[in-house]
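Accompanying notes for the structure given below.
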Amino acid sequence: MSEEIAEYAAGDAPRDGIAEDDNPIPLWFTASFWLTVVFAAVYVPYYMFSGWSQTAQYEAEVQLAEARAAEVRASLPTANPYRGDTVAIAEGAEVWKTICVACHKPDGSGLVGPSLIDPYWKYGDSDEALYASVAEGRPLGMPPWGPQLGSEKIWKVLAYMETLPRSSEPGMGAPDYVAPGTAAGSTPGTTGTQPGG
Ligand code: HEC
């Protein structure tokens, strides 16, 4: 092997006028490389064994938010704040006329929905139960009005509903309401889709 060929083989000789240098790696590069090594040596065990993680952070935040939500829920009125408030009742009457009459009749005696003036309540007549019936709806055809009305208007329409003349007779839907299209109730006093009297 000639000397020239050996130089070529070692890669040291210029080729086509281009020579290969062999400079030392810059200090900043080496330093940052070793920094990442040191960082990993600290970070990886810390991440794996300290219990600190995104999941734990997330769970802590959720816990905090739930605690706050519980506080807010506890501060919401569970009794109707507008009971007997004439201005609020007048506003409630408007809601009643625009929404509720279609299914419960203007006098509340019931049509598609059950009577709201008789002594029978399927879901209860406590303020909380009535609020839930209107805000969240009920399965057999009562739509949820919470998103559209908001809590104030719901309390107001319920305050108005309480002022409707009551009937001591079992009304539409009593004693247990049977929705049109479902099986007829077997309870005495109920006849098919328009049970009660
Ligand atoms: C689309 C027809 C419809 C409209 C509009 C409607 N309701 Fe109802 N409502 C029903 C039906 C049907 C039920 C029975 C649901 C069931 O038995 O699961 C019901 C049930 C209820 C109950 C529960 C009665 C009980 O015995 O526990 C209350 C309270 C009530 N409605 C109030 C209202 C109020 C207040 C409004 C106006 C904001 C309203 N509803 C608007 C159809 C309607």
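The values are calculated or read from the model by the stated rules, or taken from the named source; none is laboratory data. In this text, all values refer to a predicted model and were calculated from it rather than measured experimentally. Reconstructed Cβ throughout: ideal geometry from the backbone, glycine too, with neighbour counts over all protein chains shown.
Structural remarks
- Test: residue in the range 56-76 that is among the aliphatic types (A, V, I, L, M), touching a residue at least 24 places away in the same chain (Cβ under 8 Å) and more than 11 Å from the ligand (Cβ to nearest atom): yes
- Filter result (farther than 22 Å from Thr78 by Cα and more than 6 Å from the ligand (Cβ to nearest atom)) within the range 109-139: Ser109, Gly110, Leu111, Ser115, Asp118
- Verdict on Ser186 being farther than 22 Å from Val134 by Cβ and modelled with pLDDT of 60 or more: no
- Looking only at the range 145-156, residues that are over 19 Å from Gly173 (Cβ atoms) and either in contact with a strand residue (DSSP E or B) (Cβ under 9 Å, 6 or more places away or on another chain) or in a loop (DSSP other than H, G, I, E, B) (or both) come to 0 in all.
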